[in-house]
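Here, each number is a calculation from the coordinates, and none is a lab measurement. What you see is a predicted model, and the numbers here were worked out from it, not measured in a lab. Using ideal geometry, Cβ is built from the backbone for each residue, glycine included, and neighbour counts are taken over all protein chains shown.
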Ligand SMILES: [Fe+2]
Ligand SMILES: [Fe+2]
């Protein structure tokens with residue numbers, strides 16, 4: 001998932017006491033890797049945590065279209081433009097699959113949209129960085145979608161049925177996103193000196209924010225244990241981050257690009273790469289909405305929503321008129 | 001508020017339509033077009049159904065036992081319940 005679980009509240013277990021029997025049965029089903037479906041009984045805290053997690057994920061897919069949309073009209077070839085357009089359309093689809101999954105938990109699309117636009121809902125911090133060059137389209141596909149894949153694959157087995165099914169569809173489509181990004185980077189890395197420089201610059205800017213996509217370090221991720229028990233999170237943030245680094249470093253070597261971390265070093269004993277310190281202050285600042293383009297992102301979403309209100313209204317008016325005509 | 005429609009896709013001729021998710025749309029035509037864009041961008045289907053979500057009546061999970069458990073003790077509805085000698089063929 002793109003989304004990092006943020007702004008968690010602590011839920012009381014009041015209803016669990018009232019309904020200890022159903023709660024125990026629920027926990028047993030989840031522990032046995034059974035799927036929970038929309039009409040099944042579930043603890044209120046599970047429902048709320050899922051609504052927040054799935055809607056944050058959906059918002060991330062939707063806001064995630066903006067940094068790439070920035071380069072759509074300036075893609076260097078028709079081939080690249082068609083690919084980028086298809087990828088952005090997929091991200092829109094991902095947002096819609098996820099909104100639909102969240103709606104089965106009793107939250108409306110309007111409520112979720114409104115929470116995003118009012119700044120109450122979070123989305124992945126990665127999309128609050130600007131896309132400064134064409135090479136960023138390569139770096140995003142390769143690194144950001146690559147990180148998203150590692151986050152998302154385990155969620156295909158998440159305990160909530162509609163969420164798991166949405167993740168299966170999403171994962172099927174993500175692999176194209178990552179491969180087109182890598183191919184784009186490869187072309188630049190094997191291109192002119194200026195193109196190689198552009199690719200390296202993109203890697204320099206996207207590397208650390210990509211590592212932050214896995215969320216805060218495990219010792220600073222307070223609700224992980226409950227989410228793991230509920231099977232709505234299946235691997236720890238640090239485990240996934242390490243896995244990402246281990247698979248990505250050899251890819252950078254093939255590209256002939258340098259990962260901007262002087263402390264990055266193979267550790268034969270661990271069978272993994274050691275890496276430098278992540279600037280978590282920067283991460284929390286971006287979470288607080290201090291990302292370089294955070295305000296632009298929300299402004300663009302609100303403008304799109306409000307600017308197209310007349311289309312929704314016209315469609316509804318047309319449908320009402322057709323229904324009336326049919327009745328007459 | 002846009003009504004919600006449930007979307008069903010027939011992946012290829014000879015197979016049933018299968019539920020894939022939902023879309024918001026003002027009317028059936030718009031729901032079909034939305035479903036095409038959201039759920040069949042990679043030749044996932046040859047036919048679509050859209051049904052207003054409100055038109056679906058679902059069974060209550062609380063009644064699952066009453067509805068489905070009576071079938072559990074009726075093993076004689078399965079062919080493997082019946083023993084026939086090994087040398088009996090074509091049965
Ligand atoms: Fe996506
Ligand atoms: Fe993607």
Residue-averaged [θ]222 nm for chain A, counting only DSSP H segments that reach four residues, each worth -39500 (n - 2.57): -20000 deg cm²/dmol
0 to 90° range, to nearest 10: angle between helix B:28-39 axis and chain B longest Cα axis: 70
Exposure proxy ranking, count of Cβ atoms within 10 Å, fewest first, for A:116, A:240, B:67: B:67, A:240, A:116
Gain in span if fully extended, residue A:304 to residue A:44, counting 0.36 nm per residue against the direct Cα distance: 90.3 nm
Extension gain, residue A:72 back to residue A:328 (0.36 nm per residue minus Cα-Cα distance, nm): 87.4 nm
Cβ-based exposure ranking for B:90, A:57, B:17, B:78, in which fewest neighbours within 10 Å come first: B:90, B:78, B:17, A:57
Fewest-first ranking of B:32, A:257, using other Cβ atoms within 10 Å as the exposure measure: B:32, A:257
Pair residue A:284, residue B:65: separation of 7 Å Cα→Cβ label points (nm): 4.9
Contour minus Cα-Cα distance for residue A:218 and residue A:269 (0.36 nm per residue): 16.2 nm
Largest-first ellipsoid semi-axes for region A:78-180, taking √(5λ) over the Cα gyration tensor eigenvalues, angstrom: 25, 18, 13
Two-site label geometry, residue A:313 and residue B:11: point separation in nm, points 7 Å out along Cα→Cβ: 4.4
Estimated D of region A:237-328 in µm² per second, where Rh is the Kirkwood radius over Cα pairs and Stokes-Einstein applies at 25 °C, 0.890 mPa s: 133
Pairwise label distance in nanometres, residue A:239 with residue B:42, each label 7 Å out on the Cα-Cβ vector: 2.7
Alpha-carbon gyration tensor eigenvalues x 5, square-rooted, for region B:4-77, Å: 32, 17, 8
Isotropic mean projected area of the C-alpha convex hull, region A:140-206 (nm²): 4.5
Cα-based shape type of the protein assembly as shown, given that a ≥ b ≥ c are square roots of the gyration tensor eigenvalues and the cut on a/c is 1.5: prolate
FRET efficiency, residue B:32 to residue A:89 (Cβ-Cβ, R0 22 Å, nearest 0.05): 0.80
Of B:65, B:25, B:35, the one that fluctuates the most in a GNM where chain B has Cα springs shorter than 10 Å: B:65
